[in-house]
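Chemist: This is the structure, below, for whatever I ask next.
The values are calculated or read from the model by the stated rules, or taken from the named source; none is laboratory data. These numbers come from a predicted model, not from an experiment. Counting neighbours? That spans all protein chains shown, and the Cβs are built from the backbone with ideal geometry, glycine included.
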Amino acid sequence: MSKICLLMLVVICTTFSCTWVKPTETGAQVVVAEPFNISQCDRISTLTTSVKHTIGSMDRKAEKVKLELVTLARNEAALRNGDTIVARGPVADGSMTFDVYRCDNS
């Protein structure tokens, strides 16, 4: 019985500590900026990202959830030919909304 409990504990700890979303090659190049940094940029679109913020009745770590949401937004912004994202607000129930900008003037 104790071996099963130990195995379950290991699985739960591993699940809560993992980051499931990985940046794409182009997504990794997208900058996360603050609103005051984008005065010379063109807004392309707005997007909302979502991830599981709970597993069963347990909440995942807030910083892991936010990291995954930002990574998803960076990946999607790259697909939309954006090079910068700005969060429109905080994480809410595993979702976050971003504005996508094109700031590269080259």
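Chemist: With the structure loaded, tell me whether Thr46 is surrounded by fewer than 13 Cβ atoms within 10 Å (Cβ to Cβ) and modelled with pLDDT under 95 or whether it fails that test.
Modeler: Answer is no for this residue.
Chemist: Next question. Looking at the range 49-82, which of its residues are within 13 Å of Asp93 (Cα to Cα) and polar (S, T, N, Q)?
Modeler: Thr49, Ser50, Thr54
Chemist: Moving to a separate point now. Answer yes or no as to whether Gly89 is in a loop (DSSP other than H, G, I, E, B), modelled with pLDDT of 95 or more and closer than 15 Å to Tyr101 by Cα.
Modeler: Here the answer is no, as Gly89 does not meet what is asked.
Chemist: Against the definition (of a type outside the set (A, V, I, L, M, F, W, C), modelled with pLDDT under 95 and buried (at least 16 other Cβ atoms within 10 Å of the Cβ)), how does Gly94 come out, yes or no?
Modeler: yes
Chemist: Right, something else. Assuming Ala28 fulfils every condition listed in (1) in contact with an Asp or Glu (Cβ under 9 Å, 6 or more places away or on another chain); (2) modelled with pLDDT of 95 or more apart from one, which condition is it?
Modeler: (1)
Chemist: What's the number of the only condition in (1) of a type outside the set (Lys, Arg); (2) part of a strand (DSSP E or B); (3) over 28 Å from Asp104 (Cβ atoms) that Glu63 fails to meet?
Modeler: (2)
Chemist: Against the definition (surrounded by 12 or more Cβ atoms within 10 Å (Cβ to Cβ) and more than 15 Å from the chain's Cα centre (by Cα)), how does Asn37 come out, yes or no? So that I can check it myself, show each step before the final result.
Modeler: On the way: surrounded by 12 or more Cβ atoms within 10 Å (Cβ to Cβ): yes; more than 15 Å from the chain's Cα centre (by Cα): yes.
Answer is yes for this residue.
Chemist: Can you tell me which residues in the range 50-60 are at pLDDT below 90 and either part of a helix (DSSP H, G or I) or within 23 Å of Ala28 (Cβ to Cβ) (or both)?
Modeler: The answer is Lys52, Arg60.
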